[in-house]
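Some notes on the structure that comes next.
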Amino acid sequence: MCTLEQRSNLFILTLTGNNQHRLSPTLIAAILSALRQVKSVATSGSVLITNSKGKFFSNGLDLPWALAAGCRVKALSRLSQMVESLVSFPIPTISVVQGHAAAAGFVLALSHDYMLMREDRGVLYMSEIDLGGCLPDYFTVLFRAKIGSGLARRDVVLGGRKVRGREAVEMGIVDGVWGGEERLGEAAVELAERLGARKWDGEVYQKMREGLYPELCVVLGAVTGRIQAKL
Amino acid sequence: MCTLEKRGDFFILTLTGENDDHRLSPTLIAAVLSALREARSQATRGSVLITTSQGKFFSNGFDLGWARSAATPSDAFLRLHQMVESFRPIVAELISLPMPTVAVVQGHAAAAGFGLALSHDYVFMRSDRGVLYMSEVDLGLPFPDYFSVLFRAKLGSIAARRDVLLRGTKVRGAEAVKLGIVDGAYDGEEKVKGAGMQLAEKLASRKWNGEIYKEIRKSLYPELCAILGLEVDKPALSKL
């Protein structure tokens, strides 16, 4: 399902298993549990890296579960808890997209502060328009919060465009692309080390992210109270 | 502290002291606010405000040294809060000034100093010296509410906002232009001041109605006006 590894100040969450890393109730619960664990031991200087293995980063929700009567709402609400946890995480977060990321899988990747992708493999794809499914409100708010270009948002969300690495950089969706899984992994660790070296205060970092994405935090119920400055 | 000079159509506000880092202390904040109100009272068609500074710093933000020198930690927090609240009217004054405003950032601009520059309509900086830096994430200081709104209003690029606010990136001139934070970056103090004056001349020659200019500017930043308590009026339609 997923593993959590600590490598000095880096927490590495890896999606495992064979089912295209589809977000089933079990996987979502496992991710939520891992995030809670990281939160409980993280200190200033910690960084979270979320990655995956194989052809897919994640191919979205486990469809049979999600489409079952009455389950779609539950599925999307369960997923929103995961997005909320990431958006209010007290340390920097990096998603490492080594393969295809579709629908909820794309959302999972986009919920991180920094997104790195492979140049030579994998696409980002919001499949909902092609599948005839609607987007929950927090999906669209997330896209508006994270992707600045209106044209890029239109192409991705309304146009169902399959976006490869280079394009994703040009469209302002990801922060960088690397050729090959190894180089991508190394780039993520390098970025994580640079961010970790700043030793940011977790409460302040979380509050600042909230200031960057206020609409998203409201729609996810992730708004926190005022925090005192420590001089 | 600061001087306000009238030169033809221009109001030139200068933070003074070559060796100063122009910390926004209560005294400097009061002086700048007073100067802005003076400029407003003398505004005519074609007026332009140019704000600049002297030396290595444009402004290094609030006077944290003064805050920390308080008797107790809670007094220190009160001092910081006092500066935050008294700086708010400066941003409000700049957003509602009835004339175009140009910041000529000849040195480092950090935290509230960066906010001061960004509150102007146009920002020029040096390409050979000086950085723009939101130090708060490194200092562990949360942003005042109106800072986040100011940066969201003025920094169009989402990636730039994340890099500046969440990552505390120190942005040099060329990058600041690329990220759309400043309007231009020039090599050397003379060139950046020259660019500021040249733009000011072009703006002044348009002889805009100050009240209309102010209302149009405010209408560009509704969220910022709301948080600053500035009402966005619709002035009566002029002779059409």
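The values are calculated or read from the model by the stated rules, or taken from the named source; none is laboratory data. Quantities reported herein were computed from a predicted structural model and do not represent experimental measurements. Every residue, glycine as well, gets a Cβ built from its backbone with ideal geometry; the counts of neighbours run over all protein chains shown. Accessible surface areas use protein heavy atoms only, side chains included; no ligands, DNA or RNA. Shrake-Rupley method; radii C 1.70, N 1.55, O 1.52, S 1.80 Å.
Note on A:222-231: average number of Cβ atoms from other chains within 10 Å of each residue's Cβ is 5. Placing a pseudo-label 7 Å from each Cα along the Cα-to-Cβ vector at A:Lys53 and A:Arg194 gives an inter-label distance of 2.9 nm. Rolling a 1.4 Å probe across the protein heavy atoms gives region B:4-77 an accessible surface of 45 Å² per residue. Note on B:Asp128/A:Gln6: beta-carbon distance plugged into 1/(1 + (r/R0)^6) with R0 of 45 Å gives a FRET efficiency of 0.55.
Shown for the protein assembly as shown: the carbon plus sulfur share of the solvent-accessible area, taken with all protein chains present and a 1.4 angstrom probe, equals 52%. Annotation: per residue accessible area for region A:44-196 equals 38 Å², rounded to a whole number [probe 1.4 Å, protein chains only]. In plain terms, the chain from B:Ala159 to B:Glu215 could stretch by 17.2 nm, reckoned as 0.36 nm per residue minus the Cα-Cα distance.
May I ask you to derive the relative contact order of chain A, considering only C-alpha pairs under 8 Å and at least 6 residues apart, and to give it as an integer percent? Please report the intermediate quantities before stating the final value.
Working: 426 pairs, mean separation 48.4, N = 231.
It comes to 21 percent, rounded to a whole number.
Residues of region A:185-218 that become at least 50 Å² less accessible with every protein chain present than in their own chain isolated, using 1.4 Å: which are they? Buried by the other chains: A:Arg198, A:Trp200, A:Val204, A:Met208, A:Leu212. Leaving ligands and nucleic acids aside, the A/B contact buries around 2300 square angstrom of accessible area in total at a 1.4 Å probe radius.
First check a/c for region A:53-154, with a ≥ b ≥ c the square roots of the eigenvalues of its C-alpha gyration tensor; if it is under 1.5, answer rounded, and if not, answer prolate when a/b is larger than b/c or oblate otherwise. Judged from the Cα gyration tensor, region A:53-154 comes out rounded (a/c under 1.5).
Given 0.36 nm per residue, what is the gain on full extension from B:Arg7 to B:Gln42 after removing their alpha carbon distance, in nm? Could you put the intermediate results ahead of the total?
Values: separation 35, 0.36 × 35 = 12.60 nm, distance 1.24 nm.
Result for the pair: 11.4 nm of gain on full extension.
Inter-chain Cβ neighbour count for B:143-151, averaged per residue, equals 3 (cutoff 10 Å, partner chain atoms only).
Hey, with R₀ at 56 Å, roughly what FRET efficiency would A:Thr140 and B:Lys207 work out to, going by the Cβ-Cβ distance, to 0.05?
Details: r = 44 Å, r/R0 = 0.79.
Approximately 0.80, to the nearest 0.05.
Report, in deg cm²/dmol and to the nearest 500, the calculated mean residue ellipticity at 222 nm for chain B, where each DSSP H run with n ≥ 4 adds -39500 (n - 2.57) and the sum is divided by the residue count.
Result for chain B: -13500 deg cm²/dmol, rounded to the nearest 500.
The GluC sites (Glu not before Pro) of region B:1-105 that DSSP puts in a loop, and whose beta carbon has at most 15 other beta carbons within 10 Å, are B:Glu18. In region A:129-153, burial by the other protein chains removes 10 Å² or more of 1.4 Å probe accessible surface, compared with the chain on its own, from A:Ala145, A:Lys146, A:Gly148.
Greater than 26 Å separation of Cα atoms is the criterion. Which listed pairs, A:Lys55/B:Lys170; B:Lys170/B:Lys193; A:Lys53/B:Lys178; A:Lys39/A:Lys207; B:Lys178/B:Lys202, meet it?
Numbers: A:Lys55/B:Lys170 37 Å; B:Lys170/B:Lys193 22 Å; A:Lys53/B:Lys178 35 Å; A:Lys39/A:Lys207 15 Å; B:Lys178/B:Lys202 23 Å.
Distance filter (> 26 Å) returns A:Lys55/B:Lys170; A:Lys53/B:Lys178.
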